[in-house]
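Derivation of every value follows stated rules applied to the coordinates shown; laboratory data play no part. Note that this is a predicted model, so its numbers are computed, not measured. Virtual Cβ from ideal backbone geometry, glycine too; neighbours counted across all protein chains shown.
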Amino acid sequence: MNTANTPTITVAGIKKSFGQVKAVQDVSFEVYPGEIFGLLGPNGAGKTTTIRMMLDIFRPDGGSVSILGGDLTEAKKQRIGYMPEDRGLYKDLKLEPTLIFLATLKGMDANTAKKELVGWLRRLDLYDHRDKKVQELSKGMQQKAQLIATLLHNPDIIIVDEPFSGLDPVNTRLAKVILEEQRQAGKTIIMSTHQMYQVEALSQRIVLIDNGRTVLYGQVDEIKRNFAGNAIELEGHGDFTDLPGVLETRSQNGAYHLALAPGASPQNVFRTLATRDGVKIERFEIAEPSLDDIFVAVIQEGKR
């Protein structure tokens with residue numbers, strides 16, 4: 001990702017209220033060609049409202065959105081592929097004509113769409129199901145069909161909301177490969193998901209939204225460096241739960257991973273464990289925090 005490029009998407013201080021509810025209060029970020037950008041936040045944080053303002057479904061009450069150098073026109077809308085979390089396919093229609101119809105809505109010629117669709121259906125193992133109604137497909141198949149609907153018209157901007165929902169590990173890996181191919185082709189990709197390990201695997205930059213505000217924004221590796229010391233790996237025996245300054249304790253591969261609250265000291269955690277009855281520590285080291293750790297720490301800090 002070359003940040004010397006002009007951003008494809010610029011979101012600057014946008015706001016949106018619905019009656020008394022302030023869904024988005026102050027969100028800003030930029031997204032560039034050739035990157036998979038992570039749009040993160042807990043449920044109700046304002047992610048979907050932000051996406052809908054970017055797509056001109058909602059008009060911001062304040063701030064601005066620039067897409068491909070300015071306001072979103074009808075022509076620009078045809079250059080966007082959007083995969084919502086709630087499936088948007090016509091459930092009582094057959095799969096193949098549904099996908100062709102959706103591509104024509106994005107300005108694609110029907111014959112071209114039909115030809116291009118064959119490769120996508122074969123690659124995503126849906127070719128033999130093309131004459132089935134959408135509602136007859138499994139949840140995972142519908143998710144793959146939704147991915148095809150998002151990409152068939154070859155958009156320049158791709159926005160995917162929980163793209164791996166309902167997919168088994170094999171198809172999750174395939175979806176990740178496809179998104180990475182789109183990134184390498186210079187597409188601008190925004191991925192909104194709760195699966196932090198997928199964000200770490202795919203995204204170089206992220207924005208974290210909480211209570212309608214941008215609370216974290218930047219390069220993933222830089223954010224991790226800023227939160228160094230906010231995680232501990234340890235091995236041993238005893239009770240490693242309910243420790244002061246520890247937000248979460250996870251057991252993984254015979255070891256324990258402790259996510260620390262902002263400002264908590266690993267040394268204080270060690271001292272607490274050293275005085276706890278029945279605890280034996282065999283390994284104790286400061287670990288690189290995961291995005292999960294950082295997500296939990298920032299959201300908990302915001303609640304306080």
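Relative contact order of the chain: 20 percent, from C-alpha pairs under 8 Å at least 6 residues apart in sequence.
Each part gets one Cα centre, and for the range 87-159 versus the range 258-276 those centres are 51 Å apart.
Distances between every pair of Cα atoms in the range 24-145, grouped in 5 Å steps from 0 to the bin holding the largest one, split as 2, 9, 16, 18, 17, 15, 13, 8, 3, 0 percent.
Above 31 Å lies some portion of the pair distances; for the chain, what is it as a whole percent of all C-alpha pairs? Distances greater than 31 Å cover 39 percent of the Cα pairs.
Given their separation in residues at 0.36 nm each and the Cα-Cα distance between them, Asp71 and Asn268 gain 65.7 nm when the chain is fully extended. Projecting the Cα positions of Ile299, Val279, Asn230 onto the charge dipole of the range 228-303 (unit charges on Cβ atoms of Lys, Arg, Asp and Glu, taken about the Cα centre) puts Val279 furthest along the positive direction.
Solvent-free Debye calculation, one equal scatterer per alpha-carbon of the range 169-294: log10 I(q)/I(0) at 0.14, 0.16 Å⁻¹ equals -0.73, -0.87.
A crude spin-label estimate for the pair Ser138 and Asp221, with each label 7 Å from Cα along the Cβ direction, gives 3.8 nm. Estimated at 0.36 nm per residue, the fully extended path between Ala185 and Asp128 surpasses their Cα-Cα distance by 17.7 nm. When each of His194, His257, His237 is scored by the number of other beta-carbon atoms lying within 10 Å, the sequence from fewest to most is His237, His194, His257. Just to confirm the number: angle between the C-alpha axis of helix 291-303 and the first principal axis of the chain, 0 to 90 degrees, nearest 10? Roughly 80 degrees between the two axes. Protection proxy ranking of 120-130, 141-151, 7-17, by the mean of other Cβ atoms within 10 Å over each peptide's residues and highest first, is 141-151, 7-17, 120-130. A Förster radius of 51 Å, combined with the Cβ-Cβ distance separating Ile57 from Thr249, puts the computed FRET efficiency at roughly 0.80. Each 5 Å bin, from zero up to the one with the longest distance, holds this percent of the alpha carbon pairs of the range 29-80: 4, 16, 26, 28, 19, 7, 1. For the range 228-303, a simple Cβ point-charge model (Lys and Arg +1, Asp and Glu -1, everything else neutral) yields a dipole of about 180 debye relative to the Cα centre. Were the residues from Ala228 through Gln78 laid out at 0.36 nm apart, the gain over their Cα-Cα distance would be 49.7 nm. With the cut-off at under 20 Å, measuring from each backbone N in the range 219-233 to a point 7 Å along the Cα-to-Cβ line of Ile281 picks out 228-233. By other beta-carbon atoms within 10 Å, ranking Ser251, Ser290, Ser203 with the fewest at the front produces Ser251, Ser290, Ser203.
From least to most packed, judged by other beta carbons within 10 angstrom and beginning with the fewest, Glu35, Glu282 follow the order Glu282, Glu35. From its DSSP helices (H runs of at least four residues, each -39,500 (n - 2.57)), the chain gives a residue-normalised ellipticity at 222 nm of -10000 deg cm²/dmol.
Charge dipole (Cα centre; +1 on Lys/Arg Cβ, -1 on Asp/Glu Cβ; no other charges) of the chain amounts to roughly 820 debye.
Per residue, the convex hull spanned by the Cα atoms of the range 228-303 measures out at 80 cubic angstrom.
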